[in-house]
Amino acid sequence: GAGIVGLAFAVALNALDKERRFVIDVYEAAAEIAEIGAGINVWPLTLNIFKEMGVYETLIPYFDHYPDLEPRVIFGLRKADEKKGFHVHDIMNDGGALRIHRADLQKGLIQHLPLSDSNTDQNNRRCTLNLDHRLVDYTHESSGRVKLHFENQPSKECDVLIGSDGIHSTVRQLFLSHLPNPEKYEKYRKPVWSGLIAYRGLVSREALEEMYPGHRSLRHPGLTYAGKTRYLTTYPVAGDKLINVVAIARDESENTGVWEGPWKVEVTQEEFFEAYQGFDEEVMALIQCIKKPTKWALHVLDHLDIFSNQQVFLMGDAAHAMLPHLGAGATVGIEGAYILASLLTHQSTSGPLNSEKIKLISSIYNTIVVPHANSMSKLSDETGDLLILTAPGFNLEQYTLGDKIPMETLQDVFGQVGKNWFWSASDPDEDRRRAEELLDRIGKDMGIQVAA
């Protein structure tokens, strides 16, 4: 897949591959690359990975501000399900959040793919981007390689298969069916509807200024307008020319885990208005600027306990699709990509990448990446419950949409939201070092020779 995580893995593998051992084939089902969605948050943690990957300088022009480690507000949290909303709490970290349009991030990553038809040197490496390749199956060959079978395209072979093909992942379904006990993983094959929907849209600064002069979103790095069972988040993207709006609401119908109909549809502005009736006038002004909002049914994956087996690895949404309350899904996927690229290119795996080494890398990848991804997914769930004022432990059950909630309670709830962003400025090399230390230690115990 040629989404954010798939591209990040290809770029990371190339950047860390000092021996120039790896040839990378990227297969994308679409006939052209087009990233859905709008804004994405790049945290200080993610930025450090991008530096190691060599894409930092390329991305700087796309960010909403120049990267630094000054204490910055990530989001200002407001109680907003009443006509006159009010500020409650600021979430801060060192470096804040760098906001970027998904298409710009994708463009920056593609620039660093060492494509075989590129006129630039690109580290003397070969990478092929294969569009219009829809995987239907893969088989393990007697040669030890993996054979990829595509719809209406010739089959191809590889030594290692990386499934970064999103929440609808074909690789995941095949991967689970190839495990020794596939019946255990039946419920993990398909995504589950979370009971939440998201309204999305982009607002131009000019339109908002005309609609609501001096609107708070025009001068704030990020805002969350929270209320009972729903909230709305804004932040600037596209070099501060646009404001990304994401509004998440709990669906009041009975949640069976199955969403009937398409996951993404264009809806009327009236429906969006109705969902946020009674909210702060700033929220209503934002909605009024979105002429063609889209509605998304938010799906997740149950928490898998295995992301790799033999030569097949899952990463990104194919492994751990999570809710967007922390803006962490892409970051966790990029972390996993970075760790796997580090393991594949580490000195302990110098020379031919035989089945014994791949099996060891697979085991370490599961040991490091699986628990981290699942804990972040659970943390995102918890953060969502806090933002829609339904989290247990705060006596919120007595309140309904639009009710006055004591400021002390709101500060406790939103203070916990702020604490849940502890990871955003952490050291991404901590897990990488753990993974490489395991590789060194276990590899030596197994008699795998470490290069001098």
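The values are calculated or read from the model by the stated rules, or taken from the named source; none is laboratory data. Since we're looking at a predicted model, the values are computed, not measured. Counting neighbours? That spans all protein chains shown, and the Cβs are built from the backbone with ideal geometry, glycine included. Please note that ligands, DNA and RNA were not included when accessible areas were found on the heavy atoms of the full protein model with its side chains. Shrake-Rupley method; radii C 1.70, N 1.55, O 1.52, S 1.80 Å.
Could you name the aspartates and glutamates whose alpha carbon sits less than 16 Å from that of residue 404, not counting residues in the same chain fewer than 8 places away?
Leaving aside aspartates and glutamates fewer than 8 places away in the same chain, those within reach of residue 404 are 81, 82, 280, 412.
By the scheme Lys and Arg +1, Asp and Glu -1, what is the net charge of all other residues having a beta-carbon under 15 Å from that of residue 144?
0
Specify which labelled value, from (i) 67, 47, 44; (ii) 72, 49, 41; (iii) 137, 84, 55, agrees with Cα extents along the principal axes in Å derived from the coordinates of the model shown.
(i)
Rounded to the nearest 500, what is the 222 nm mean residue ellipticity of the chain from helices alone, with -39500 (n - 2.57) per DSSP H run of 4+ residues and division by all residues?
After summing the helix terms and dividing by residue count, I get -10500 deg cm²/dmol.
Could you run the Karplus curve 6.51 cos²θ - 1.76 cosθ + 1.60 with θ = phi - 60° over the stretch 301-316 and give me ³J(HN,Hα) per residue in whole Hz, x for Gly and Pro?
10, 4, 6, 5, 9, 8, 10, 8, 7, 6, 9, 10, 10, 10, 8, x
Just to be sure I understand the model, the point goes 7 Å from the Cα along the line to the Cβ. What's the resulting residue 253 to residue 33 distance in nm?
Placing both labels 7 Å beyond Cα along the Cβ direction yields 3.7 nm.
Just tell me which lysines come within less than 19 Å, Cα to Cα, of residue 357; anything on the same chain fewer than 8 places away is out.
Counting by Cα, and skipping residues close in sequence, residue 357 has these lysines nearby: 18, 444.
Using modelled amide H (1.01 Å from N, peptide plane; none on Pro or chain starts), what sits under 5 Å from the amide H of residue 196, excluding residues fewer than 5 places away?
Placed amide hydrogens put 251, 298 under 5 Å from residue 196.
Rounded to whole Hz and in sequence order, give me ³J(HN,Hα) for the stretch 375-386 from the Karplus expression 6.51 cos²θ - 1.76 cosθ + 1.60, θ = phi - 60°, writing x for Gly and Pro.
Calculated HN-Hα couplings, in order: 5, 5, 5, 5, 5, 5, 4, 4, 5, x, 4, 5 Hz.
Within a Cβ distance under 13 Å of residue 97, other residues only, what is the Lys/Arg minus Asp/Glu net charge?
That works out to -3.
Let's see if you can work this out: charge +1 on each Lys and Arg Cβ, -1 on each Asp and Glu Cβ, no other charges. What is the dipole magnitude of the stretch 192-300 about its Cα centre, in debye to the nearest 20?
Using only the charged Cβ atoms, the result is roughly 380 debye.
Considering only protein heavy atoms, what per residue accessible area in square angstrom results for the stretch 203-264 with a 1.4 angstrom probe?
46
To the nearest Å, what is the center-to-center distance of the stretch 16-52 and the stretch 367-405, using C-alpha atoms only?
Result: 30 Å between the Cα centres.
Where nothing but the Cβ of Lys and Arg (+1) and of Asp and Glu (-1) is charged, how large is the charge dipole of the stretch 142-208 around its Cα centre, in debye to the nearest 20?
140
By how many nm would the segment from residue 94 to residue 434 lengthen if fully extended, with 0.36 nm per residue of separation less the alpha-carbon distance?
120.0 nm
Between residue 149 and residue 204, what is 0.36 nm times their sequence separation minus the Cα-Cα distance? Round to one decimal in nm.
15.4 nm
Summing +1 for each Lys or Arg and -1 for each Asp or Glu, what net charge is found among the other residues whose Cβ lies under 15 Å from the Cβ of residue 430?
Summing Lys/Arg as +1 and Asp/Glu as -1 gives -4.
Can you list the HN-Hα couplings for the stretch 278-285, worked out from phi with the Karplus curve (6.51, -1.76, 1.60; θ = phi - 60°), rounded to whole Hz and with x for Gly and Pro?
My calculation for the stretch 278-285 gives x, 6, 3, 4, 5, 5, 5, 5 Hz in order.
If the chain between residue 390 and residue 407 were fully stretched, how many nm would it gain, using 0.36 nm times the residue separation less the Cα-Cα distance?
Length difference between fully extended and current span is 4.5 nm.
With labels modelled as points extended 7 Å from the Cα through the Cβ direction, what inter-label distance (nm, one decimal) is found for residue 82 paired with residue 372?
So the label points at residue 82 and residue 372 sit 4.3 nm apart.
Please go through the residue pairs 79/378; 79/264; 51/241; 190/264; 83/264; 83/228 and name each one whose alpha carbons sit more than 19 Å apart in this structure.
The pairs that break the limit, which is 19 Å between Cα atoms, are 79/378; 79/264; 51/241; 83/264.
Please list, in chain and number order, the residues 5+ apart from residue 388 or on another chain whose amide H is under 5 Å from its amide H, with Hs placed from the backbone.
none
Under unit Cβ charges (Lys, Arg +1; Asp, Glu -1), what dipole magnitude, rounded to 20 debye, does the chain have relative to its Cα centre?
About 460 debye.
P(r) for the stretch 192-300, please, calculated from all Cα pair distances in 5 Å bins and given in %.
Spelled out per bin, shortest first, that is 2, 12, 23, 24, 18, 11, 6, 3, 0.
With all protein chains present, how much of the accessible area of the stretch 375-445 (probe radius 1.4 Å) comes from carbon and sulfur, to the nearest whole percent?
46
Using a 1.4 angstrom probe on heavy atoms only, work out the carbon and sulfur share of the accessible area of the stretch 192-300 in %.
51
Report for the stretch 1-135 the percent antiparallel among DSSP-assigned beta bridges with both residues inside it, nearest 5.
For the stretch 1-135, the DSSP antiparallel bridge percentage is about 70.
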